[in-house]
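**Q** The structure is given below, and queries will be raised subsequently.
What follows draws every value from the coordinates through simple rules; no lab data is involved. Please read these numbers as outputs of a predicted model, since none were measured by experiment. A quick note on method: Cβ atoms are made from the backbone with ideal geometry, for glycine too, and the neighbour counts reach across all protein chains shown.
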């Protein structure tokens with residue numbers, strides 16, 4: 001995965017999508033601490049593509065910070081609540097339910113979750129990096 005992530009990111013044309021969604025210069029790319037995200041090859045690739053746009057390298061991002069990650073504080077909860085509202089007879093049924101919820105996710109909800117990021121960062125700073133509720 002470490003070797004294929006740069007080509008995957010290039011294929012997704014993330015910069016143009018993020019610029020179109022949030023406006024040029026109004027976003028910062030961050031990643032979690034997964035080894036495929038923190039490898040030197042991936043970090044160098046992203047810095048080469050996004051340094052002028054905004055990229056928080058692995059050194060800048062606090063470890064284990066779910067309150068500062070829209071995937072953690074919104075997306076996974078949203079998907080889990082809807083996909084697991086009923087029991088599933090097997091793993092394939094669960095996967096199908098997750099995929100259905102994921103595909104139906106409202107773009108505005110994701111945008112609003114990302115917009116909440118600034119207030120979450122401010123709460124983290126106010127709490128001096130300690131646990132905070134938002």
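**Q** Return the FRET efficiency for the residue pair residue 85, residue 45: r is the Cβ-Cβ distance, R0 is 41 Å, and the value is rounded to the nearest 0.05.
**A** Working from the Cβ atoms, E equals 0.55.
**Q** In nm, to one decimal, how far is the modelled label at residue 96 from the one at residue 56, with both set 7 Å along Cα→Cβ?
**A** Label-label distance for residue 96 and residue 56, simple model: 3.9 nm.
**Q** Jot down the radius of gyration and Dmax of region 62-134, Cα atoms only, both in angstrom.
**A** Using the Cα atoms of region 62-134, the pair Rg, Dmax is 15.0, 46 Å.
**Q** Using 0.36 nm per residue of separation minus the Cα-Cα distance, give me the extension gain between residue 116 and residue 128 in nm, one decimal.
**A** Between residue 116 and residue 128, full extension yields 2.5 nm more.
**Q** If I model the chain as equal point scatterers sitting on the Cα atoms and use the Debye formula, what is log10 I(q)/I(0) at q = 0.09, 0.13, 0.17 Å⁻¹?
**A** -0.33, -0.70, -1.14
**Q** Would you mind calculating the relative contact order of the chain from Cα pairs under 8 angstrom and at least 6 residues apart, reporting the percent as a whole number?
**A** Normalised by residue count, the contact order of the chain is 19 percent.
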